[in-house]
Amino acid sequence: MPLFIGVSFAVLLIVGVPIGFSLGVTSLLAIYKSNMPVLLNILPQRFFAGIDMFPIMAMPFFMIAGDLMNRCRITESLIEFSNVLVGHIRGGLAHSNILASIFFAGITGAAVADSAALGSTLIPAMKKDGYDEDFSAAITAASSVIGPIIPPSTIMVIYGSIMGVSIAGLFAAGIIPGILIGLLLMAMTYIISLKRNYPKRETRAKSNEIWRVFKKSFLALILPIIILGGILGGFFTPTEAAAVAVFYAFFIGFFVTRTLKISDLPDIFLNCAKSTGVIFLLMSAASILSFFLASERIPELLASAMMGISKNPLVILFLINIILLIVGMFMDITAALLILAPIFHPIAVSMGVHPLHFAIIMVVSLNLGLMTPPLGACLFVVCGITNLTIEQVSKQILPFILMEIVALFLVTFLPAISMSIPRLFGLI
C-alpha cells in the first residue's frame, strides 16, 4: 500500500496534475484499493476537518500584512539600513542582501516574496557595483530561505495547527536558527568575496549616518517587534497578532507613507484569497490522505522500520533530515509538510525529541528545498528577474546550500539553538 500510494502520487505529479488534486485523487485510489468503501462516507468530514482550526486564521492575516508592507515601499529603507551596518565588509552589498532578508523575514514570513522584493532591487544594484550576476541571484535566493524561519511564518502556523504544537513556541524557536543561517551565509559570502575581490564601502558608516537611516527604517523594523513582543509578552495570540499586523500595515500605508490607495485593496485581498485557497485545498486533501495512512497503520510500520535501523534518536533524526532534503527538492514545501509531518512527528516524539524541536528541524529542512534545483521556487524567481538559467544560478548557490545544511545539522543535534528562547519565555 505505501508503494501504491507513492507511485500513484508521483505519476499524477509527473503528468501535471496540481498537488492538491493529486493528494485527493491518490486518497480515493488508495481507498478503492483497500476494499473499504465505507471510508468514502467520512471523506467530506475529513476534508473540512483539515481546515477547521482557528489558529490557521493567522495565515491569511500575515499574508495581507506582508503584502501591505511590500506596497509601502519599505524595501529600499531596509536595504539602505543593512548597507550602513555591514557595507564596509568585503562583499558589502552581498552582506546587505543577507541582512535585509533577515529584517524582511520579520515582516512577510515568505521566502518567495523576499526573493521577488529584494531581488528586483538588489540584483541590479549588485551587478552595477561589479558583482557577477549569477552570484547576485544565488545569494538572493539563498538568503530568502530565512523568511519562513524567522517569525512570523505561515509554514509554522500550518505546522502548529495540524500537529497541535504551540505556534507562539514555534515563532520563538525560529529566531536563533534563522539568525544562525544568516551568519553562516555571511561567512561563506566573505570567503567568496575575498577570492573574487568583490567591492565594499570605502568608509565605515558613522553613528550619525546609522541613526539617520535607522529612523527611515523604523516603521518597518518595529512590526516584528510588535508581533513577537505581543505574543511572547502574552498580550495576544498569534492569530490576534496577525490581525494587529494588518491594522498596523494599513495605518502605515494610508496615513504615514501614504503609498497605499483604496484601489490597491481588491488586488491585495484577491492575492491573499488565491494563496489561501491553494493552501487550504492542500490541507484538506492531505487530511484525507493522513487519515487513511493512519487507518492503515502506515506511520507505525514506518516507525518500526526506522527503529529496526537504529534506536539512537540522533541516527533517526539524521535519516529523517536526509529524506526531507530529498523530498524538498521535488515537492512543494506545504504539501511535503502536510504529508510528512503526521508521519515523522510521532516517530521523533516517541524517541524523546521535543515536539517543538522537531518542528523547527522539519521547517528548516523543507525550507532548503526552496533554493535547491530542480524545483526550488526561489531559484525560479531570481531566474525570472535576471533571465539566467537554473543551471547558471545552481552552480553559484552550491556553497550556500552547504552552509544551510551545516546550519540544519547544528539545529538538529544541538537542541539549545532552537529551544533556548521558548524556554526563556516559559513556552516549554
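The values are calculated or read from the model by the stated rules, or taken from the named source; none is laboratory data. What you see is a predicted model, and the numbers here were worked out from it, not measured in a lab. So basically every Cβ, Gly included, is an ideal-geometry build from the backbone, and we count neighbours across all protein chains shown. Surface accessibility is based on the protein's heavy atoms, side chains included, excluding ligands, DNA and RNA. Shrake-Rupley method; radii C 1.70, N 1.55, O 1.52, S 1.80 Å.
Tabulated data
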{"item": "Accessible-area ranking of 89, 179, 231, largest first, probe 1.4 Å", "result": "179, 89, 231"}
{"item": "In degrees, nearest ten, helix 111-128 long axis to first principal axis of the chain (Cα)", "result": "30"}
{"item": "Net dipole in debye of the chain [+1 Lys, Arg Cβ; -1 Asp, Glu Cβ; about Cα centre; nearest 20]", "result": "720"}
{"item": "Solvent-accessible area, 1.4 Å probe, carbon plus sulfur percent, for the chain", "result": "69"}
{"item": "Cα gyration tensor, the range 82-148 - rounded (a/c under 1.5), prolate or oblate", "result": "oblate"}
{"item": "Most positive-pole-ward Cα, 320, 95, 40, against dipole of the chain from beta carbon charges", "result": "95"}
{"item": "Cα principal axis extents for the range 326-428, largest first, Å", "result": "48, 26, 20"}
{"item": "Accessible surface, per residue, of the range 1-129 when the full set of protein chains is kept, probe 1.4 Å, Å²", "result": "43"}
{"item": "Linear extension gain, residue 377 paired with residue 330, 0.36 nm per residue minus alpha-carbon span", "result": "15.9 nm"}
{"item": "Principal-axis tilt of helix 154-163 within the chain, Cα atoms, nearest 10 degrees", "result": "30"}
{"item": "Overall dimensions of the range 163-204 by Cα: Rg and Dmax, Å", "result": "16.8, 51"}
{"item": "Neighbourhood charge, 11 Å Cβ-Cβ cut-off, centred on residue 90 and excluding it, Lys, Arg +1 and Asp, Glu -1", "result": "+4"}
{"item": "Value of relative contact order over the range 341-428, rounded to a whole percent, pairs C-alpha under 8 Å and six or more apart", "result": "25"}
{"item": "Unit charges on C-beta of K, R, D, E only; dipole of the range 48-191, Debye", "result": "140"}
{"item": "Using alpha-carbon coordinates, inclination of helix 207-232 to the longest axis of the chain, degrees", "result": "20"}
{"item": "Within straight-line cross-link reach of residue 274, lysines at Cα separation under 25 Å, skipping those fewer than 8 residues along the same chain", "result": "261"}
{"item": "For residue 287, net neighbour charge (Lys/Arg +1, Asp/Glu -1) across residues whose Cβ lies under 11 Å away", "result": "0"}
{"item": "Nitroxide proxy distance, nm - points 7 Å out along Cα→Cβ at residue 201 and residue 17", "result": "5.5"}
{"item": "Spin-label proximity, residue 88 to the range 176-217 - amide N less than 16 Å from point 7 Å beyond Cα toward beta carbon", "result": "200-214"}
{"item": "Lysines with Cα under 18 Å of residue 33, excluding same-chain neighbours fewer than 8 positions away", "result": "none"}
{"item": "Distance (nanometres) between label positions extended 7 Å along Cα→Cβ at residue 275 and residue 49", "result": "3.0"}
{"item": "Flagged links, alpha-carbon separation over 21 Å, of 127/206; 128/200; 195/395; 127/200; 127/195", "result": "127/206"}
{"item": "17 Å cut-off, amide nitrogen to a point 7 angstrom out along residue 322 Cα→Cβ, residues in the range 357-377", "result": "365-366"}
{"item": "Centre separation in Å (Cα based) which lies between the range 229-263 and the range 340-382", "result": "29"}
{"item": "Cut-off 13 Å between beta-carbons: net charge of the residues surrounding residue 377, Lys and Arg +1, Asp and Glu -1", "result": "-2"}
{"item": "For the chain, alpha-carbon Rg over 2.2 N^0.38 Å", "result": "0.99"}
{"item": "Over the chain: helical MRE at 222 nm, DSSP H runs n ≥ 4 each giving -39500 (n - 2.57), nearest 500", "result": "-25000 deg cm²/dmol"}
{"item": "Three semi-axes of the equivalent ellipsoid, the range 172-287, Cα gyration tensor, whole Å, largest first", "result": "33, 23, 18"}
